[in-house]
Amino acid sequence: MKSKTALKIVEWTSLPLLLFVVLYFVSGYALTSETARQASIIMNFSRAQLIHLGRATRLGLLALFLLHSYAGTELLAGKLKARGRTLLGAAVDYTATAFLLYVLWIVLNAELRG
């Protein structure tokens, strides 16, 4: 992946990923705490349940996480390789790719079999 493309992906997925994570945290706390539900203006139990347990939310968060992480890793590996640390850059690249594929495999198995 080219550095410009990776940077664009990181930039474009940053804000949506942040919003998804905040929404996921708030809905999770709203499911487990009456105080959190009262503190949140828009979150009631049924809305929190729909957001936190919904398949679309989980898969959207996963897609943003994978895109953002892969592109960010490509940027890091590219910088390492440009500085002459080719072996370290390749190790970071392959390790992160293997980890992200493992996460994808776990989630897809859970979603398709669950």
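Bear in mind these aren't lab numbers, they're just calculated from the coordinates by the rules spelled out. Worth saying up front: this structure is predicted, and the values here are computed from it rather than measured.
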Computed over the chain, the convex hull of the Cα set has an average projected area, in nm², of 8.6 nm²
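Would you calculate a helix-derived [θ] at 222 nm for the chain, using -39,500 (n - 2.57) for each DSSP H run of n ≥ 4 and dividing by the full residue count, to the nearest 500?
Details: 5 runs with 101 residues, N = 114.
Computed mean residue ellipticity for the chain: -30500 deg cm²/dmol.
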